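Down below is the structure, laid out as structure tokens.
Where a number appears in this text, it was derived from the coordinates with a stated rule and is not lab data. Everything numeric here is computed off the predicted structure, so don't read it as measured data. Don't worry about glycine lacking a Cβ; one is built from the backbone with ideal geometry, like all the others, and counts go over all protein chains shown.
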Amino acid sequence: MAAGDIVETVPSALIILDADLNITSANRAFYQTFRTSPGDTEGRPFYGLGNGQWDIPAFHTLLDSVIPQRDWVDRFEVEHDFPDIGRRTMLVNARKIARPGEHLGSILLAIEDVSEERAARAESRRAWQLTQSIVDTIQDPLVVLEDDMTIVTASHAFLTLFGITEAEVQGKRVADLGAHQMDVPALRYLMEKVLPENKPIESFEIEDDFPGLGRRVYTLNARKVTQPGNHSHRMLLVFNDITERKQRERDAEALTNEISHRIKNNLQLVVGLIAFESKRTSPACLLGYRAMQTRIGAIAQLYDLISRAGRGSDVAVGDYLTEIANTVSQSLLGPETGITITVQAEPLTIDADRAVPLGLMINELATNAIKHAFPGGKGRVSLSSRQSGEEMEVTVADDGVGLAVEETSVLAATRGADYVDIFVRQLGGRITTVSAPGAGTTVSVLIPLAVD
């Protein structure tokens, strides 16, 4: 392959100058890059090229001062506004070339146009500065992570939290920052197991004793960010310190539980007083006393559950049904009874406000079943709850005599029972009753799971 062929395959613009800085030749890349032709180039003085466009201080420094003192120069930067091609940034490599016996020789210039690359870098820097400005305006501590979970940058709030500088976070893992304040098991699990899956994370809660920070509670949100046209991606991780809010919630919950416990104790005292008075009352009033006792007992059990649940707002329906069954059994059934009460419930909850009418309704239905469904003194009452679409179905069923035997079924007993109707309306529910002679009675109430 001839030397000319090699020169033409080089992607950089090449130009050869003689000792007087006249152009002797150039390659195709030079002509294409600088929009000129061999006729307008070869044999002309370098500084006269393109009507004097190349007669600029940077090239005078290179050719008049540097090259005479050195045999070669690498990556000499030239930046200039050319009338025909606009602003250009070029890296110039220069070499002295001399054949054997020649004293003056020639100069080979290799010119690489890096204008687009420099413009892209400048745009990247501007975008990064904008990104950093946005990051710094976020009040919550935020970090930007690479694929390997090392930190690219962090917000001012994050740096302040750990008392460190931006230079100290770049390239490090969160657990290695500062005095290793964030090196705790919950965060290690998040960084090592959860984040690498590249799934969005919402309100991931961690609570631990952080060295130097004390016991803190954080919620973490994470999102993967991918640049268009770029296969790499980064992760945004935001820390939200909810320690004070969490403590307020716990204080409020503790207060609610304490109040519920005291209300339960007071109601149990009332139940005890009613039981004491019922021993001295006439048989005609005894059933009324016992009904009052079970109603108040149902409410007392609700507050007992609230005080023990530790959640403050929701009541487990299954546990509530069990407590009601125990209260009804203790109040209405003796130790030698042949009537049993069973509970079967799916894991559902109801808010405390609606739990009161729910408990009173179930208490009324169970009490009526015990009073009227078993003239022989034997049978079973079942309390159950299950989810049915967007509703909860609560059922009180007995295997007693059914409707047609002298109004002894639940249906007949509750036909004029205003209490049950009132409680069903308060719950926004619908009630249905199924009964058959000798086959018992089933009362079902459908209640919305969610309340607007």
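Observations, loosely collected:
- Taking each of LYS172/LYS193; LYS199/LYS246; LYS224/LYS246 in turn, the alpha-carbon distance tops 21 angstrom for LYS199/LYS246; LYS224/LYS246.
- Relative packing of peptides 386-395, 440-449, 22-31 - highest average C-beta neighbours within 10 Å first: 440-449, 22-31, 386-395
- Mean Cβ neighbour count within 10 Å, used as a protection proxy, ranking 290-298, 343-351 highest first: 290-298, 343-351
- Estimated FRET transfer efficiency (ARG248, THR61; beta-carbon r; R0 60 Å; 0.05): 0.30
- Candidate lysines - alpha carbon under 21 Å from LYS371, same-chain residues fewer than 8 apart omitted: LYS279
- Packing-based order for 235-248, 372-385, using average beta carbon neighbours within 10 Å, highest first: 372-385, 235-248
- Segment GLU79-ASN326, length gained on full extension (0.36 nm per residue, minus Cα span): 79.8 nm
- Cα radius of gyration and Dmax for the stretch 7-64 (Å): 11.0, 30
- If you plug the beta carbon distance of GLU42 and VAL152 into 1/(1 + (r/R0)^6) with R0 = 45 Å, you get a FRET efficiency near 0.35.
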